[in-house]
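One structure below.
The values are calculated or read from the model by the stated rules, or taken from the named source; none is laboratory data. Keep in mind that what you see is a predicted model, and the values were worked out from it rather than measured. Counting neighbours? That spans all protein chains shown, and the Cβs are built from the backbone with ideal geometry, glycine included.
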Ligand SMILES: Cc1ncc(COP(=O)(O)O)c(C=O)c1O
């Protein structure tokens with residue numbers, strides 16, 4: 001281990017209070033959290049402490065100017081009870097890519113990985129055992145200078161906490177293609193997992209819900225023509241046997257599940273195209289009877305089937321995904337990798353006590 005992470009354990013675990021068969025998403029937090037601070041140009045004092053509230057200064061810059069980025073990842077248990085992570089290096093890289101856009105100093109990738117491994121190892125008993133369940137991991141960084149004025153902060157807190165989540169039985173979602181609000185434009189912050197992006201999405205999402213839709217399907221901000229993504233998911237279309245997903249263009253989050261699903265489906269022999277997709281192409285494919293499936297991918301839901309899309313007042317209904325569907329296959333592949341049931345041909349799954357970690 002390269003970093004001297006000081007560990008202070010809880011006196012008494014809260015784990016006995018957890019009902020593994022009934023875990024509300026996002027509301028249960030494990031015993032410990034990792035914290036490090038950025039001061040005088042360096043990340044210092046990496047430590048694991050009992051999970052607890054922070055004290056925050058009223059002038060803390062993050063509260064005013066939103067300089068904050070985050071990640072969302074999961075640890076699962078293999079069939080043999082071993083904690084495992086899926087492509088943790090990609091999450092480390094994406095956090096830094098998001099941070100670079102927000103003038104947040106880089107976190108050494110090995111510090112990120114050592115922190116995640118050590119924290120998950122300590123709280124591994126919080127990982128729910130059922131396939132599809134997981135320990136959700138939330139790394140994030142925020143600006144802590146006590147200062148009024150717009151400039152990059154000089155101090156930051158990097159925190160990672162975790163919480164168990166049950167199997168996500170996502171019900172099919174109904175999407176509203178958004179023609180008034182935009183999530184991101186090229187040159188904006190859409191490719192960063194920046195806190196403010198999510199704040200900006202709340203009003204359009206609420207308006208879509210008031211019209212009977214679950215989520216917004218974002219279109220590009222220049223022409224309202226190209227499909228971008230959905231809520232906290234990337235989007236895939238199956239058109240005439242081909243799997244198509246919008247190419248990342250600087251305004252779309254580079255979803256890690258998206259990359260996994262593209263590769264896994266290619267392994268299975270499907271043609272997967274990453275290219276601009278217009279909403280008109282989607283509507284026309286539906287009219288022609290060639291729009292076979294629509295689904296979203298993301299760490300939380302893994303794969304979520306889309307059952308309807310509304311555009312310019314016209315709602316198209318997409319046939320239900322059967323057991324033979326591509327979305328069902330994609331979900332089974334990711335869940336199977338996470339549980340070790342499916343062979344990890346790409347070496348994406350990293351056991352938490354990885355020897356690579358010891359050598360870091
Ligand atoms: C805006 C947005 N798009 C897509 C995704 C899916 O990304 P991933 O598969 O890495 O979870 C997420 C979730 O992180 C997201 O917040």
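Looking at 115, 184, can you tell me which residue is touching a residue at least 12 places away in the same chain (Cβ under 8 Å), within 30 Å of residue 278 (Cβ to Cβ) and surrounded by 20 or more Cβ atoms within 10 Å (Cβ to Cβ)?
Details: 115 fails: within 30 Å of residue 278 (Cβ to Cβ).
Matching residue, one of 115, 184: 184.
Among the residues of region 217-237, which ones are in a strand (DSSP E or B) and either away from the ligand (no atom under 11 Å from the Cβ) or outside the structural domain of residue 188 (by TED's automatic domain parsing) (or both)?
Of everything in region 217-237, those that are in a strand (DSSP E or B) and either away from the ligand (no atom under 11 Å from the Cβ) or outside the structural domain of residue 188 (by TED's automatic domain parsing) (or both) turn out to be 217, 219, 226, 227, 236, 237.
Failed condition for residue 336, given (1) surrounded by 15 or more Cβ atoms within 10 Å (Cβ to Cβ); (2) at pLDDT below 95; (3) in contact with a helix residue (DSSP H, G or I) (Cβ under 9 Å, 6 or more places away or on another chain), with all others met?
So residue 336 meets the others, but not (3).
Before we move on, is residue 64 out of contact with any helix residue (DSSP H, G or I) (no Cβ under 6 Å at 6 or more places or on another chain) and more than 22 Å from residue 134 (Cα to Cα)? Write out each step before concluding.
Numbers: out of contact with any helix residue (DSSP H, G or I) (no Cβ under 6 Å at 6 or more places or on another chain): yes; more than 22 Å from residue 134 (Cα to Cα): yes.
So residue 64 fits the description; yes.
How many residues are surrounded by 22 or more Cβ atoms within 10 Å (Cβ to Cβ) and within 14 Å of the ligand (Cβ to nearest atom) if we restrict to region 238-250?
Qualifying residue count for the region: 2.
Residues 213, 161: which one is touching a strand residue (DSSP E or B) at 6+ places or on another chain (Cβ under 7 Å), away from the ligand (no atom under 16 Å from the Cβ) and either assigned to a loop (DSSP other than H, G, I, E, B) or over 27 Å from residue 34 (Cα atoms) (or both)?
213
Among the numbered criteria (1) more than 9 Å from the ligand (Cβ to nearest atom); (2) modelled with pLDDT of 95 or more, which single criterion is violated by residue 259?
Among (1) more than 9 Å from the ligand (Cβ to nearest atom); (2) modelled with pLDDT of 95 or more, residue 259 violates only (1).
Filter region 271-304 for residues that are touching a helix residue (DSSP H, G or I) at 6+ places or on another chain (Cβ under 7 Å) and more than 16 Å from the ligand (Cβ to nearest atom) and give the result.
Result: 291, 293.
Go through (1) at negative phi; (2) at pLDDT 95 or above one by one and return the number of the condition residue 353 breaks.
(2)
Is it the case that some residue within region 176-195 is outside the structural domain of residue 251 (by TED's automatic domain parsing), at positive phi and more than 15 Å from the ligand (Cβ to nearest atom)?
no
Within region 258-360, which strands (runs of 3 or more DSSP E) (wholly inside it) include 2 or more residues that are without any contact (Cβ under 8 Å) to a residue 60 or more places away in the chain?
272-274, 291-298, 314-317
Within region 305-317, is there a residue that is buried (at least 21 other Cβ atoms within 10 Å of the Cβ) and modelled with pLDDT under 95?
No, region 305-317 has no match at all.
I need a count of the residues in region 122-154 that are touching a helix residue (DSSP H, G or I) at 6+ places or on another chain (Cβ under 9 Å) and within 24 Å of residue 4 (Cβ to Cβ).
Looking only at that region, the number is 7.
For the list (1) free of Cβ contacts under 8 Å to residues at least 40 places away in the same chain; (2) within 11 Å of the ligand (Cβ to nearest atom), I need the number of the one condition that residue 253 fails.
(1)
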